[in-house]
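The values are calculated or read from the model by the stated rules, or taken from the named source; none is laboratory data. Predicted, not measured: the structure shown is a model, and the values here were computed from it. In this analysis, Cβ positions are derived from the backbone assuming ideal geometry, glycine residues included, and neighbour counts consider all displayed protein chains. Ligands, DNA and RNA are stripped out before the accessible areas are found, and what is left, the full protein with its side chains, is counted by its heavy atoms. Shrake-Rupley method; radii C 1.70, N 1.55, O 1.52, S 1.80 Å.
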Amino acid sequence: MKLIGSNTSPYVRKARLVLLEKGIAHTYLVDPPSDPNSEVYRVNPLGRIPALILDDDTCVFDSPVIAEYADTLNDTPVLIPRHDALARMRVKRWEALADGIMDSAIVVRNEVLRPAEMQLAATLELHNGAITRTLEHVAAQLGQREWCEGDSITLADLALTSALAYLDLRQSERDWRGTHPNLAAWFKRMSARPGVHTSLADNK
Ligand SMILES: N[C@@H](CCC(=O)N[C@@H](CS)C(=O)NCC(=O)O)C(=O)O
């Protein structure tokens, strides 16, 4: 299978982290939609990455669908609980929080790329506020636990890792480590995992 993406997309990083963590053989191809010849336009009418192209040319998108599909391919490890409906919901809810941080950070990124006189302060405030509140929430939920949910790694950990890596890339002025030392310690532990380490090497 082939994962089409870009190194700066947090949704791509999340999908890639799932494939790497589960040891699923794949080719990772940097082929962003900013290139009008990107293969993504052939396989995903939305023209968005990540897109996972299976060997029979089936295309899987978007990142929650890729994560869910990939998780069914093996049990090493199971990243989304299979049988406990509440635990499953909680993992998916962590993913929604992480994706929400990514969504808001991308809105902020696009806004600050506009000429200063065209930037909407209300938009920046709204989305930076959402990120700040969500970081407070996830830090409180995590506390001193080793994993976001349950007693082993799940999609929740990989999604949050990707969201925080994106803040490092685009909002380096945001001192989330200083504000939330427990998140910083958890992220440091996550970063030592081989798959995370590989994926963070190109977070630039
Ligand atoms: N909800 C989608 C979001 C995907 C997305 O917006 N990807 C961005 C890159 S970060 C993209 O492809 N943007 C190109 C476009 O929208 O034209 C997911 O989780 O996969």
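Observations on the model:
- Segment 69-89, residues that are of a type outside the set (Gly, Ala, Ser) and surrounded by 18 or more Cβ atoms within 10 Å (Cβ to Cβ): Asp71, Leu79, Ile80, Pro81
- Close pairs (9 angstrom Cβ cut-off, 6 or more residues apart or separate chains): touching a residue at least 60 places away in the same chain (Cβ under 8 Å) and surrounded by 23 or more Cβ atoms within 10 Å (Cβ to Cβ) in segment 161-177, of a type outside the set (Lys, Arg) and not in a helix (DSSP H, G or I) anywhere: Tyr166/Thr8; Tyr166/Ser9; Tyr166/Asn203
- Subset of segment 87-106 [more than 18 Å from Glu21 (Cα to Cα) and either within 11 Å of the ligand (Cβ to nearest atom) or in a loop (DSSP other than H, G, I, E, B) (or both)]: Ala96, Asp99, Gly100, Met102, Asp103, Ala105, Ile106
- Residue in segment 114-128 that is among the β-branched types (Val, Ile, Thr) and within 16 Å of the ligand (Cβ to nearest atom) present: no
- Val138 being among the β-branched types (Val, Ile, Thr) and open to solvent by 30 Å² or more (accessible area, probe 1.4 Å): no
- Sole residue being touching a Leu at 6+ places or on another chain (Cβ under 8 Å) and outside the structural domain of Val138 (by TED's automatic domain parsing), chosen from Ala98, Ala51, Ala25: Ala51
- Of all residues making up segment 111-122, the number that are more than 22 Å from the chain's Cα centre (by Cα) and either buried (at least 17 other Cβ atoms within 10 Å of the Cβ) or part of a helix (DSSP H, G or I) (or both): 5
Conditions (1) of a type in the set (Lys, Arg); (2) part of a helix (DSSP H, G or I); (3) modelled with pLDDT under 95; (4) in contact with a Cys (Cβ under 8 Å, 6 or more places away or on another chain), marked per residue:
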{"position": "His137", "(1), (2), (3), (4)": "no, yes, no, no"}
{"position": "Glu149", "(1), (2), (3), (4)": "no, no, no, no"}
{"position": "Leu160", "(1), (2), (3), (4)": "no, yes, no, yes"}
{"position": "Arg189", "(1), (2), (3), (4)": "yes, yes, no, no"}
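- Flag set for Val108, criterion: within 23 Å of Ala163 (Cβ to Cβ), more than 16 Å from the chain's Cα centre (by Cα), assigned by TED's automatic domain parsing to the domain that holds His127 and touching a residue at least 12 places away in the same chain (Cβ under 8 Å).
- Filter pass, Arg145 being outside any helix (DSSP H, G or I) and either surrounded by 11 or more Cβ atoms within 10 Å (Cβ to Cβ) or among the acidic types (Asp, Glu) (or both): yes
- Taking segment 90-99 as the range and being open to solvent by less than 80 Å² (accessible area, probe 1.4 Å) and over 11 Å from Gly150 (Cβ atoms) as the test, the residues that pass are Lys92, Glu95, Ala96, Leu97, Ala98, Asp99.
- Qualifying residue in segment 24-42 (condition: touching a strand residue (DSSP E or B) at 6+ places or on another chain (Cβ under 9 Å) and more than 26 Å from Leu169 (Cβ to Cβ)): yes
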